[in-house]
1. Would segment 78-90 turn up any residue that is assigned to a helix (DSSP H, G or I), open to solvent by 80 Å² or more (accessible area, probe 1.4 Å) and at pLDDT below 80?
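The values are calculated or read from the model by the stated rules, or taken from the named source; none is laboratory data. Keep in mind it's a predicted model, so treat the numbers as computed, not measured. These accessible areas exclude ligands, DNA and RNA; they are computed on the full protein's heavy atoms, side chains included. Shrake-Rupley method; radii C 1.70, N 1.55, O 1.52, S 1.80 Å.
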Amino acid sequence: MSKDINETMREAEEAIASLEKMANQQMDDAEQKIKKGIVQTVIWILVTVVVYFIWGTTWFFWLSLAFNVISIAGIIFAKVMMAKAYKKMAESDNSDDDGLNMYYGFG
């Protein structure tokens, strides 16, 4: 009976480690997409300013400015969500450790 429990706990720990690895990979991918979005937004802002100064097309400037504001707002929102996700993961790790310590009689 004890052998089955230990084996089940080992499998559960492996599954949790796998899930944590997947979550960390997804977070890394999201950070890379955010960085790519920041670079694209900066490039688009520069293109907007250059086009405005070369041709003086105000409709393009205002339309592009609106899209740039939306892009910047989206990037800020994504950064805030990432920070919240990291905070929640850290809190979850701390609470899981406390729970295991209590389970094993260490806490």
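1. Within segment 78-90 (the criterion being assigned to a helix (DSSP H, G or I), open to solvent by 80 Å² or more (accessible area, probe 1.4 Å) and at pLDDT below 80), the answer is no, since none of the residues qualifies.
Rundown of residues vs (1) more than 24 Å from Ser71 (Cα to Cα); (2) of a type in the set (Gly, Ala, Ser), yes/no style:
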| position | (1), (2) |
| --- | --- |
| Arg10 | yes, no |
| Glu13 | yes, no |
| Ile16 | yes, no |
| Glu20 | yes, no |
| Ala30 | no, yes |
| Lys33 | no, no |
| Ile43 | no, no |
